[in-house]
Each structure stands twice: as structure tokens, then as C-alpha cells.
Ligand SMILES: CC(C)(COP(=O)(O)OP(=O)(O)OC[C@H]1O[C@@H](n2cnc3c(N)ncnc32)[C@H](O)[C@@H]1OP(=O)(O)O)[C@@H](O)C(=O)NCCC(=O)NCCSC(=O)C[C@](C)(O)C(=O)O
Ligand SMILES: [Mg+2]
């Protein structure tokens with residue numbers, strides 16, 4: 001297998017294409033809100049959603065009917081051309097690389113709206129070869145269209161092979177912006193015996209030990225607590241490590257039980273705590289949940305600021321509320337404080353909330 005030299009990564013893959021980025025900007029992207037540009041009712045709502053969500057994503061792949069693929073692509077071009085997105089990012093999810101639509105997706109979108117597109121999400125990525133294909137094609141199209149900044153790539157982990165190759169996918173191109181979990185396709189590909197789009201499962205559980213009778217045997221009809229476990233923990237944790245290793249960003253993905261806003265919030269929060277920077281929103285109701293969950297809480301920021309203040313030059317150990325804080329817990333606190341600062345730059349309500357936190361001694 002041949003390898004590129006390190007410096008090759010800093011050269012564009014086509015003459016005249018924009019220079020690859022050396023760092024992926026940490027732009028807030030708590031919710032990536034999906035819409036079907038071929039659905040007129042949905043599309044009509046998009047201009048008014050600018051500023052209420054960090055990312056608007058025109059979806060061209062699954063959930064768009066085969067008969068509507070061209071209308072979705074054209075609808076996205078129209079919305080992108082006629083909308084000023086301000087601070088809101090514009091992403092798209094193209095059709096999968098083995099579909100008959102993807103080539104037209106790319107050759108249409110890049111010249112028409114390439115200057116406005118921040119990130120292209122590529123579904124069903126299997127390995128580095130898929131990223132290399134899109135990488136070169138984007139460079140050629142950017143060069144031809146005279147695009148000034150590189151369009152970034154986001155891969156969805158939705159095949160067993162993709163999960164096995166997650167590290168090489170993250171490192172396959174300087175365009176790699178991040179990864180999302182695709183729990184529905186991944187479940188099917190792995191032959192998991194579930195029928196859901198993300199979330200837990202009542203059958204995936206651990207049960208409290210049975211009490212024992214005088215004969216020492218378990219009493220099987222006794223009431224015993226059960227605890228549902230997280231089916232997605234392994235994949236999310238693996239995704240987070242791969243992204244952190246390569247300086248790119250992990251995201252949860254879709255939560256299909258739209259009406260169960262409570263379980264949705266739990267799943268999002270698990271992902272936030274494990275290191276994800278955001279998630280997907282499939283319905284307007286999920287945007288608020290994502291914005292709340294993926295913004296550090298007032299309590300966390302109040303505590304983090306106390307630790308930062310108490311730790312002075314950042315070395316040594318101190319006691320706060322009976323707990324030891326040191327260099328490493330300070331670094332965790334700085335993750336939260338820096339995230340809060342980034343979010344405050346784009347979210348005035350959140351800025352006011354964080355500004356109002358009293359400084360404690
Ligand atoms: C779930 C659905 C069918 C419920 O749609 P509905 O019309 O039944 O919902 P509603 O509550 O009745 O809608 C209320 C209003 O909101 C509008 N609306 C509704 N949704 C949106 C939206 N997203 N953006 C903007 N507006 C929206 C809708 O048009 C309606 O407008 P109206 O009041 O004027 O009548 C609908 O919300 C929808 O189609 N959402 C997007 C679904 C999608 O993108 N799925 C693909 C991503 S998940 C995936 O692909 C898996 C993965 C990763 O690949 C893998 O795990 O393998
Ligand atoms: Mg999928």
C-alpha cells in the first residue's frame with residue numbers, strides 16, 4: 001500500500017482548488033437539522049429557521065423518495081441561492097456512493113452553491129477509499145468552479161466495515177470534519193435484531209439479582225429492578241476516540257421516536273457526556289432539545305469557573321466542596337468553559353445566561 005507524504009496533505013488535489021485546511025474550525029453545531037428540499041411545506045420553513053439552529057442540512061439521500069431525487073437536488077440549489085444563512089451553516093447529505101444519483105448531486109451542487117456549502121455528509125462510508133473518491137472529485141469541481149474555500153466532508157458510520165475502519169476514515173483527508181452515527185443502517189448491516197432509528201431497547205437490559213429463599217435458591221417471581229442499557233455506547237465511544245485522535249468532531253445522529261422527547265434528550269445527553277459536539281434533528285421539536293443538551297449547563301459553568309479561578313497557574317491540587325481538583329480536572333473544566341464561550345458568540349440568549357452566573361469565591 002502506498003502512503004502519501006505528510007506534506008501531500010497540504011496540497012490541493014486539483015490545480016486551482018483551494019488549499020486544504022490545517023485545522024477544522026470548531027464552529028458550534030449542536031443540532032444538524034434535516035429537511036427534505038423536495039417537500040415544499042418543509043422547504044418553505046427553512047429561511048425562517050436561519051439563526052434558530054446551528055446547521056441546516058438539505059437531505060438528498062434516504063427519506064427522500066426515489067422519484068423526488070432531482071426535485072430535492074434542485075430544491076436545495078434554489079433554497080441555498082435565495083437564502084442568506086448568516087451564522088447558520090449549510091450542509092447537505094448526498095446520495096450514497098453506490099447510487100445512480102450521487103455524481104449528479106456533486107456536479108450540480110458544487111458549481112451552483114459550492115461557495116455556500118460548508119460540509120457535505122457522505123452516507124454509508126466503508127473505508128478511506130470512499131473519502132479519497134469524494135476528496136479528489138470535490139477538488140476538481142472546486143477548481144473548475146473557482147470555489148474559494150474547501151468544502152468539508154462528514155462521514156456517517158452506518159456499516160460494520162465503516163466502524164471497523166473508523167480510524168482510517170477520520171484520517172483519510174484534511175477535509176474530514178467529523179462523523180455521525182447512523183444507527184438504523186448500522187443495525188441492519190450488523191444484523192442487530194432491532195427495528196428502531198436510534199435510542200435504547202427494552203430487551204437490552206441488566207436485571208437486579210434475585211433475592212434468595214431459605215433454601216438458597218433464587219425467588220423468580222420477586223420484583224426486581226431492571227436497567228435498560230445503551231445499545232450505542234460502544235460505537236459512540238469508538239467514534240469519539242477516532243475523532244479526537246484526528247482533530248475532527250463526533251456527533252450522535254438521528255433519534256426516530258420524535259414524540260418521545262424525554263428519551264431523545266437522554267440519548268443526546270449520553271452522547272454529549274461521552275464527547276459528542278452535537279446531534280441531528282429530524283423534526284423542529286428536536287432542535288430545542290439538542291441546543292439545550294449540547295450547551296454546558298449553568299451549574300457546570302459555575303463550577304468550572306470556580307475551578308479555573310482556584311487553580312491559578314493550572315498546576316497543583318486544591319479542595320473545592322470536599323473534592324480534589326488538579327491539572328486534569330482543570331482541563332475538563334476548560335473544555336466546558338471554552339465551549340460556552342464559542343456558543344455565546346453565536347447565541348445571545350445563552351451569552352446572557354452565562355454572563356449572569358455569579359462569581360463565587
Ligand atoms: C418525521 C417526519 C416524517 C414527520 O413529519 P410530519 O409532517 O408527520 O410532522 P408534523 O409534526 O405533522 O409536522 C409539523 C410541521 O412541521 C413541518 N416539519 C416537519 N419536519 C420538518 C423538518 N425536518 N424541517 C422543517 N419542517 C418540518 C411539517 O411540514 C409541518 O408543517 P405544517 O405545520 O406547515 O403542516 C418529518 O419530520 C421528516 O420527514 N423529517 C426528516 C426525516 C429525515 O430527514 N430522515 C432522514 C434522516 S435519519 C436517517 O437517514 C437514518 C440514518 C442516519 O441514515 C441511519 O441511521 O441509517
Ligand atoms: Mg442511513
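Results for (1) in contact (Cβ under 8 Å) with a residue 24 or more places away in the chain; (2) surrounded by fewer than 21 Cβ atoms within 10 Å (Cβ to Cβ); (3) away from ligand 2 (no atom under 16 Å from the Cβ); (4) in a helix (DSSP H, G or I), shown as yes or no for each residue.
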residue	(1), (2), (3), (4)
71	yes, yes, yes, yes
75	yes, no, yes, yes
80	yes, no, yes, yes
86	yes, yes, yes, no
96	yes, yes, no, no
103	no, yes, yes, yes
110	yes, no, yes, yes
116	yes, yes, yes, no
120	yes, no, no, no
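Total residues in segment 183-207 satisfying the condition of being near ligand 1 (Cβ under 10 Å from one of its atoms) and under 30 Å from residue 218 (Cβ atoms): the figure is 0. Residues of segment 22-60 that are in a loop (DSSP other than H, G, I, E, B), surrounded by 22 or more Cβ atoms within 10 Å (Cβ to Cβ) and within 16 Å of ligand 2 (Cβ to nearest atom): 60 alone.
Hey, any hits in segment 241-263 for a residue that's crowded, with 21+ Cβ neighbours inside 10 Å, farther than 22 Å from residue 162 by Cα and in contact (Cβ under 8 Å) with a residue 24 or more places away in the chain? Within segment 241-263, not a single residue is crowded, with 21+ Cβ neighbours inside 10 Å, farther than 22 Å from residue 162 by Cα and in contact (Cβ under 8 Å) with a residue 24 or more places away in the chain. Looking across 143, 139, one residue alone is touching a residue at least 40 places away in the same chain (Cβ under 8 Å), out of contact with any strand residue (DSSP E or B) (no Cβ under 6 Å at 6 or more places or on another chain), buried (at least 20 other Cβ atoms within 10 Å of the Cβ) and assigned to a helix (DSSP H, G or I). It is 139. Candidates in segment 146-163 are the residues that are within 20 Å of residue 55 (Cβ to Cβ) and free of Cβ contacts under 8 Å to residues at least 60 places away in the same chain; of these, the one that is surrounded by the most Cβ atoms within 10 Å (Cβ to Cβ) is 155.
For residue 14, indicate whether it is in contact with a helix residue (DSSP H, G or I) (Cβ under 7 Å, 6 or more places away or on another chain) and either assigned to a helix (DSSP H, G or I) or away from ligand 1 (no atom under 15 Å from the Cβ) (or both). Break it down stepwise before answering.
On the way: in contact with a helix residue (DSSP H, G or I) (Cβ under 7 Å, 6 or more places away or on another chain): yes; either assigned to a helix (DSSP H, G or I) or away from ligand 1 (no atom under 15 Å from the Cβ) (or both): yes.
It is true that residue 14 is in contact with a helix residue (DSSP H, G or I) (Cβ under 7 Å, 6 or more places away or on another chain) and either assigned to a helix (DSSP H, G or I) or away from ligand 1 (no atom under 15 Å from the Cβ) (or both).
Have a look at 231, 179 and point out the one that is within 14 Å of ligand 1 (Cβ to nearest atom) and not in a loop (DSSP other than H, G, I, E, B). Selected residue: 179, the only one of 231, 179 that is within 14 Å of ligand 1 (Cβ to nearest atom) and not in a loop (DSSP other than H, G, I, E, B). A single entry from 319, 311 fulfils the requirement of being over 29 Å from residue 59 (Cβ atoms) and surrounded by fewer than 12 Cβ atoms within 10 Å (Cβ to Cβ): 319.
Residues of segment 1-21 that are closer than 30 Å to residue 335 by Cα and at pLDDT 95 or above: 19, 20, 21.
Looking at segment 23-57, which of its residues are more than 19 Å from residue 197 (Cα to Cα), touching a helix residue (DSSP H, G or I) at 6+ places or on another chain (Cβ under 7 Å) and without any contact (Cβ under 8 Å) to a residue 40 or more places away in the chain? Correct list: 38, 43, 46, 56. For residue 185, state whether it is touching a helix residue (DSSP H, G or I) at 6+ places or on another chain (Cβ under 6 Å), assigned to a helix (DSSP H, G or I) and either assigned by TED's automatic domain parsing to the domain that holds residue 136 or at pLDDT 95 or above (or both). Judged against the criteria, residue 185 is not a match. Inclusion of residue 235 among residues that are within 16 Å of ligand 2 (Cβ to nearest atom) and without any contact (Cβ under 8 Å) to a residue 40 or more places away in the chain is not warranted. Look at (1) modelled with pLDDT of 95 or more; (2) closer than 21 Å to residue 125 by Cβ; (3) more than 14 Å from ligand 1 (Cβ to nearest atom) and you find that residue 34 fails only one, number (3). Residues that are under 26 Å from residue 250 (Cβ atoms) and part of a loop (DSSP other than H, G, I, E, B) within segment 1-11 comprise 3, 4, listed in sequence order.
Test residue 166 against the criterion of being surrounded by 21 or more Cβ atoms within 10 Å (Cβ to Cβ) and more than 16 Å from ligand 1 (Cβ to nearest atom), and give yes or no. Working first, answer last.
On the way: surrounded by 21 or more Cβ atoms within 10 Å (Cβ to Cβ): yes; more than 16 Å from ligand 1 (Cβ to nearest atom): no.
So residue 166 does not fit the description; no.
Of all the residues in segment 235-265, those that are farther than 24 Å from residue 153 by Cβ and touching a helix residue (DSSP H, G or I) at 6+ places or on another chain (Cβ under 9 Å) number 7.
Can you name the residue in segment 145-163 that is more than 28 Å from residue 257 (Cβ to Cβ) and within 18 Å of the chain's Cα centre (by Cα) and, of all such residues, is nearest to ligand 1 (Cβ to nearest atom)?
Step by step, filter segment 145-163, then rank; the result is 153.
The values are calculated or read from the model by the stated rules, or taken from the named source; none is laboratory data. Model, not experiment: these values are computed from the prediction. Positions of Cβ are backbone-derived with ideal geometry, glycine not excepted, and every protein chain shown enters the neighbour counts.
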